[in-house]
Structure formats: C-alpha cells, structure tokens
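Visitor: If you scroll down you'll find the structure; I have some questions about it.
The values are calculated or read from the model by the stated rules, or taken from the named source; none is laboratory data. Keep in mind that this is a model prediction, so the values were computed, not measured. FYI the Cβ positions are ideal-geometry reconstructions off the backbone, even for glycines, and counts take in every protein chain you see. To get the accessible areas, we keep the full protein, side chains included, count just its heavy atoms, and leave off ligands, DNA and RNA. Shrake-Rupley method; radii C 1.70, N 1.55, O 1.52, S 1.80 Å.
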Amino acid sequence: MLRRSMLFMPGNNPGMLQTAEVFGSDSVILDLEDAVSLGEKDAARILIKGALKAFDYGTTEVVIRINPFSTPYALEDIDVMARLKPNAILLPKATPEDMKRLDEMLTVIEKEEGFEKGIIRIHALVETTYGVETVYETIQMSDRVDSVCLGGEDLSVDLGVARTKDSEELFYARTKIINACKALKIDAIDTPFTDTNDEEGLLADTIHAKKLGFTGKLSINPRQINTIHKVYSPTADQITWANRIMHAKDEAEKEGLGVFSLDGKMIDAPVISRAANTLNAARIIGLIK
C-alpha cells in the first residue's frame, strides 16, 4: 500500500473515530498517547475497541498508537488493542529494546487469538536522540516493521533546541531515518507540520521532505490531507512520461538493447525502475487502470 498520509485521531473522540475513514488519508492513527489525558486512558481503549468492532474503515490502514513502555499504560494498551487485530501498532519513542519487547508480545497474542503470525504490523515512531542513533537496529529487531515515522516535536525537546518552521534542526535525524529505511526497504514517514493554518508552509515542508526521500507524512488535521496527497501523488505529466519510458523499454528489449535514448535522454535501469514505481503508485491511487 501507499502511505502518503497518516492522520492522527484522538482515541477519546467518538465522533472522529466514527468518521475516520471519510477524511481520505491512507492511514489513520487512533491515538492512546498524547491526545488522551491520563484520566481517560481506560475510556479511550473502550471507545477504540467499540469503534473497531462497529465501523468499517474500508481500505484505510488502521494503526493504534500505544503509550510508551516507560509508562504504566503500555502493557494494557498492547493486550487490549492487539486482540482487536488492527493493521498495525505505532510504537512511540521507539528503541531496539522496546521494539523487541513489542514484537514478542504481539507474537504471543497472535498465537493465543489464533491470528496469522505477523499479521499485526508495526510502525516505529522515532522521537528521541537515542532512537535516531539506533534506528537501523530498531528496524532489524522485528520483521513486522513497515515504516519509521519521525516525531520532530519530542525530538527537538530531547535535542534542547527550538522547533523551527524550516526544520533545520531535524536535518540529521531526517536523513539518518531515510537512509535506514531505504536500506531495509520500508517506508519513511516525515514529522507532522504543526501549524494547521499555514497551508503554504505545509506544502513547502512536504515538498522538501519528499526531495530528501520521505515516502509520506504524518498529519494532525484532516485539512492537511489534500496538500500531502498532492505532493506524494504522480502528476499527469509524470504518468505520461513513465508510460513512454516503459513502452520504449519494451521496444528496446526487442532489439536487444539494455540502454536506450528517449527525447535525447539516456534511459537506463534506474530510470526504468523509477518509471515503474510511478505507474505502480498511480495504479494504487486509482489514477490509471
């Protein structure tokens, strides 16, 4: 699947849980952590449990953000939520040690519930300096990991720096996470843009993240989804160019050519791969058949 957008939704808000699928994000993250006060953790679990049993989220990936293992809520979060068989668990403040622990707990629960082993996936939310430095090891701790998400707000606190609009303070973390994800063939999801009234800022930040290599972006408001999707979806011109490349490739193969020219540009294996990826994304989104 494509994870262009992953939208956070408070786990203690019945209205948003009921309408989560209609906002159009590729994934929804039902939040038990930051969006839920300490006194409402139990109520949020009950609400999410009811929502997953009552509502059909269609093709939207359903992810549940649990509380960190450093809190007294994590174990119950995992025990209750995993038995509902969500698509994935979002592990906050991810580290290799916590990833190993979560993977082991999910394996036990899947066996107890008769689920297919590994059916519950994991997204790692990296938001500490230790988490950044050990991100490669964290991914390797479990073959359930489908993505690493960057949490810029908490990371800037751990760095002891101010969070800025241009996110210069996150450059090292961004590139380290991207490189680890690319090396291990999983998605790299950028930090949310927190000013929900600044659409131009969101657009610029998302374009910059894509240029660095991120495959999608976290979101904290449904209004941000269209802008994020615009950046992470192939344009009509890109689809046309990709189709031309693939057609020219077929013709070149008939002539026994591995490298060929199109409109004066050399087309080799990396360019062909990029074109194939563009067309695959367009098919998943529904832009082409």
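Visitor: Apply the Karplus parameterisation 6.51 cos²θ - 1.76 cosθ + 1.60, with θ equal to phi minus 60°, to every residue of the stretch 247-252 and state each ³J(HN,Hα) to the nearest whole Hz, in sequence, with x for glycine and proline.
Guide: The phi angles translate into 5, 5, 4, 4, 5, 5 Hz.
Visitor: Just the number please: accessible area per residue for the chain, 1.4 Å probe, all protein chains included, in Å².
Guide: Spelled out: the 1.4 Å probe surface of the chain, per residue, equals 49 Å².
Visitor: Considering amide H positions built from the backbone, and no H for Pro or chain starts, which residues 5 or more places from residue 127, or on another chain, come under 5 Å of its amide H?
Guide: Amide H to amide H, under 5 Å and 5 or more residues apart or across chains, residue 127 pairs with 93, 94, 151.
Visitor: Run through all the Cα pairs of the stretch 168-289 and give the fraction in each 5 Å bin from 0, expressed as whole percent.
Guide: Binned Cα distances yield the sequence 2, 10, 17, 17, 17, 15, 11, 6, 4, 2, 0.
Visitor: Within the chain, what's the longest stretch lacking GluC sites (Glu not before Pro) that sit in DSSP loops with no more than 11 other Cβ atoms inside 10 Å?
Guide: Within the chain, the longest run free of exposed GluC sites (Glu not before Pro) spans 117-254.
Visitor: What ³J(HN,Hα) values, in whole Hz, does the Karplus curve 6.51 cos²θ - 1.76 cosθ + 1.60 give for the stretch 3-15 when θ = phi - 60°, with x put for Gly and Pro?
Guide: 10, 5, 9, 10, 9, 6, 9, x, x, 10, 10, x, x
Visitor: Rounded to whole Hz and in sequence order, give me ³J(HN,Hα) for the stretch 166-177 from the Karplus expression 6.51 cos²θ - 1.76 cosθ + 1.60, θ = phi - 60°, writing x for Gly and Pro.
Guide: Result, ordered by residue: 7, 6, 4, 5, 9, 4, 4, 4, 4, 5, 5, 5 Hz.
Visitor: Using just the helices of the chain, give the 222 nm mean residue ellipticity in deg cm²/dmol: DSSP H runs with n ≥ 4 each add -39,500 (n - 2.57), and the total is spread over all residues, rounded to 500.
Guide: Estimated from H runs of four or more residues: -14500 deg cm²/dmol.
Visitor: Sort out for me the Cα centre separation of the stretch 121-174 from the stretch 44-74, rounded to whole Å.
Guide: Using only Cα atoms, the two centres lie 22 Å from each other.
Visitor: Moving to a separate point now. Sequence-distant or interchain residues sharing an amide H contact under 5 Å with residue 119, placed H: which?
Guide: none
Visitor: Now a separate question. Using only the alpha-carbon atoms, how far is helix 96-113 inclined from the longest principal axis of the chain? Give it as 0 to 90 degrees, nearest 10.
Guide: 80
Visitor: For each pair in 93/176; 93/182; 182/265; 185/249; 165/210; 182/289, compute the distance between the two Cα atoms and list the pairs where it is over 18 Å.
Guide: Beyond 18 Å: 93/182; 182/265; 185/249; 182/289.
Visitor: Expected output is a single nm value to one decimal: the length gained when fully extending between residue 34 and residue 75, i.e. 0.36 nm times separation in residues minus the C-alpha distance. What is it?
Guide: 13.1 nm
Visitor: A further question follows. Check the straight Cα-Cα distances from residue 254 and name the aspartates and glutamates below 16 Å, setting aside those fewer than 8 residues away within the same chain.
Guide: 268
Visitor: Right, here's the next one. Can you tell me what share of the DSSP beta bridges in the chain is antiparallel? A percent to the nearest 5 is fine.
Guide: Here the share of antiparallel DSSP bridges comes out near 10 percent.
Visitor: Would you work out what percent of the accessible area of the chain, with all protein chains in place, is carbon or sulfur (probe 1.4 Å)?
Guide: Carbon and sulfur together cover 52 percent of it.
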